[in-house]
Amino acid sequence: PSYTNVRYPPPLDPWRAPDVDADCAGVGSFQLHFELPAKWEERRVLLHFEAVGSAFTVWLNGLEVGFSKDSKLSAEFDV
């Protein structure tokens, strides 16, 4: 058996995976507009995610920056 100090959300029946409605399979979007300060133009800028609950893709100004499928682990992208 596996041991952890965090319970799986929601309660997990160890003999079968939870049922997921195909129309609501956990797909979502988040969009944020921001402006980079002028003094940062020559700096290396990293976009850091502490943890995301599933796989995700990051786009910046319409360009794909990166993809991570490591659920609940940190991911970082050089933008």
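Every number here is computed from the coordinates shown, using simple stated rules; none is lab data. Please read all numbers here as calculations on a predicted model, not as lab measurements. So basically every Cβ, Gly included, is an ideal-geometry build from the backbone, and we count neighbours across all protein chains shown.
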If R0 is 25 Å, what FRET efficiency do you get for residue 42 and residue 74 from their C-beta distance, rounded to 0.05? 0.45
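Pop the C-beta distance of residue 55 and residue 35 into the FRET formula with R0 = 22 Å and round what comes out to the nearest 0.05. Provide the component values of the computation, followed by the final result.
Numbers: r = 29 Å, r/R0 = 1.30.
Result of the calculation: an efficiency of 0.15.
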